[in-house]
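The values are calculated or read from the model by the stated rules, or taken from the named source; none is laboratory data. Computed from a predicted model, the values in this text were never measured in an experiment. Using ideal geometry, Cβ is built from the backbone for each residue, glycine included, and neighbour counts are taken over all protein chains shown. To get the accessible areas, we keep the full protein, side chains included, count just its heavy atoms, and leave off ligands, DNA and RNA. Shrake-Rupley method; radii C 1.70, N 1.55, O 1.52, S 1.80 Å.
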Amino acid sequence: MQYYTPPEPDTFAGDAMPFYHDGTFHLFYLVDHGHHSSLGGLGGHQWAHATTTDLIHWEHHPLALAITEPWEGSICTGSAFHHAGTTYAFYATRRPDWTQHLGVATSRDAVTFTKHPPLASPGPRFSPIDYRDPFVFQDPDTGTFHMLVTSALAKPVVDGYGGCLAHLTSPDLARWEVQEPLFESSYAGPPECPDLFSWNDWWYLLYSHGLVTHYRMARGPLGPWQRPVVDTLDGAMAAVMKTAPFGSRRRLGVAWVGTREGNLDHGARQWGGALAFRELTQHSDGTLGTRFVP
């Protein structure tokens, strides 16, 4: 699966959503047609799915989340989460009017998913066209479930800025309450595709800007966040890296390497390409690095 591209003509791999449970590494990823050009540019993305127990032998499954309704212009990036015997797939849907809304699907076997009614919409505080990429985790101390969402304030202080990670909490994965944003970006545009995990007494928050993956460090799941001197993972060509454990001591990142024309600038690169796997490394000061997967 290293540098894997779907075999159909003009078809590519987009954002990956790795997930590990009960000895199996699940790779959900967006299957893309025509570099984000499907359905009038909405994307037309769907969740593809492959699994492995050893990173060598892979089984490809039917689509985990497919477009089944006329109002689904794209099944956007999200996250998988397991709780009490159920695997949840949290995702966003881009509608034909370009607004984005959160959804959830559930499965008992992490292969066949059932969609449920829409979960949440942006509301007046956030931009209706920037409300996607939900990532869910549970605070190990309080038991509270948290959701981070790629967002932008509807009325930012400075035009073109206001990108943030919206923060919702829940006692049961069904009822969600909006909190203050967990993180606000200093860049133009929202921080995309969040990922949050703990590793050896550190917590890490990953997000992408201009497809480049950045990270922050903290001693707790909600910050305060420190910016390392080198705050990117694997460089500009490994787009939108998200991670999952593999076993009890290892963590893998999965990104995509995009088709590009001319130079390395993001603006010259087409959306979607081949999957790229990286092994995360942790230095003595808690900062992260990457290497090829053995």
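Is it true that residue 135 is crowded, with 23+ Cβ neighbours inside 10 Å and free of Cβ contacts under 8 Å to residues at least 60 places away in the same chain?
Working: crowded, with 23+ Cβ neighbours inside 10 Å: yes; free of Cβ contacts under 8 Å to residues at least 60 places away in the same chain: no.
The answer is no for residue 135.
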Residue list for segment 167-199, filter: touching an Asp or Glu at 6+ places or on another chain (Cβ under 9 Å), assigned to a strand (DSSP E or B) and of a type outside the set (Ser, Thr, Tyr): 167, 168, 192, 193, 194
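Can you tell me which residue in segment 90-108 is farthest from residue 22 (Cα to Cα), limited to those that are among the charged types (D, E, K, R) and either touching a residue at least 12 places away in the same chain (Cβ under 8 Å) or surrounded by 14 or more Cβ atoms within 10 Å (Cβ to Cβ) (or both)?
Filtering segment 90-108 down to residues among the charged types (D, E, K, R) leaves 94-95, 97, 108.
Remaining after also requiring either touching a residue at least 12 places away in the same chain (Cβ under 8 Å) or surrounded by 14 or more Cβ atoms within 10 Å (Cβ to Cβ) (or both): 94-95, 108.
Values: 94: 32, 95: 35, 108: 13 Å.
Only one residue tops the list, namely 95.
Given the criterion surrounded by 21 or more Cβ atoms within 10 Å (Cβ to Cβ), in contact with a His (Cβ under 7 Å, 6 or more places away or on another chain) and closer than 29 Å to residue 248 by Cβ, identify the matching residue among 64, 50. It would help to see each step written out before you state the result.
Working: 50 fails: surrounded by 21 or more Cβ atoms within 10 Å (Cβ to Cβ).
The conditions single out 64.
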For segment 1-23, pairs from a residue that is at positive phi to a residue that is of a type in the set (Asp, Glu), with Cβ under 6 Å and 6 or more apart or across chains, are none
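Can you confirm whether residue 157 is at pLDDT 95 or above and open to solvent by 70 Å² or more (accessible area, probe 1.4 Å)? Quick ask: steps written out before the conclusion?
On the way: at pLDDT 95 or above: no; open to solvent by 70 Å² or more (accessible area, probe 1.4 Å): yes.
When the stated conditions are applied, residue 157 does not pass them.
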Any chance segment 269-290 includes a residue that's assigned to a loop (DSSP other than H, G, I, E, B), of a type outside the set (A, V, I, L, M), in contact (Cβ under 8 Å) with a residue 60 or more places away in the chain and under 21 Å from residue 165 (Cα atoms)? no
Considering residues that are open to solvent by 60 Å² or more (accessible area, probe 1.4 Å), small (Gly, Ala, Ser) and either closer than 14 Å to residue 102 by Cβ or in contact (Cβ under 8 Å) with a residue 60 or more places away in the chain (or both), the number found within segment 160-204 is 1
Close pairs from segment 141-154: first closer than 20 Å to residue 201 by Cβ and of a type in the set (Gly, Ala, Ser), partner open to solvent by less than 40 Å² (accessible area, probe 1.4 Å) and in a loop (DSSP other than H, G, I, E, B), Cβ under 9 Å, at least 6 apart: none
With respect to residue 229, is the statement that it is modelled with pLDDT under 95, among the aliphatic types (A, V, I, L, M) and farther than 24 Å from residue 120 by Cβ true? no
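Of the residues 150, 77, which single one is touching a Lys or Arg at 6+ places or on another chain (Cβ under 6 Å) and of a type in the set (Ser, Thr, Tyr)? Before you say what the answer is, go through the steps one by one.
Working: 77 fails: touching a Lys or Arg at 6+ places or on another chain (Cβ under 6 Å).
150 is the lone residue from the list that is touching a Lys or Arg at 6+ places or on another chain (Cβ under 6 Å) and of a type in the set (Ser, Thr, Tyr).
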Just checking, which of 88, 161, 131 is of a type in the set (Phe, Trp, Tyr) and in a loop (DSSP other than H, G, I, E, B)? 161
Members of segment 225-244 found to be out of contact with any helix residue (DSSP H, G or I) (no Cβ under 9 Å at 6 or more places or on another chain), crowded, with 16+ Cβ neighbours inside 10 Å and small (Gly, Ala, Ser), listed by number: 238, 244
If you go through segment 210-220 one residue at a time, how many are more than 20 Å from residue 29 (Cβ to Cβ) and crowded, with 17+ Cβ neighbours inside 10 Å? 5
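Suppose we filter 258, 253 for residues that are in a strand (DSSP E or B), open to solvent by less than 30 Å² (accessible area, probe 1.4 Å) and modelled with pLDDT under 95; which single one remains?
Exactly one residue qualifies, and that residue is 258.
Being among the polar types (S, T, N, Q) and not in a strand (DSSP E or B) is the filter here, so list the residues in segment 134-151 that pass it.
Initially, segment 134-151 is screened for residues among the polar types (S, T, N, Q), giving 138, 142, 144, 150-151.
Across segment 134-151, the qualifying residues are 142, 144.
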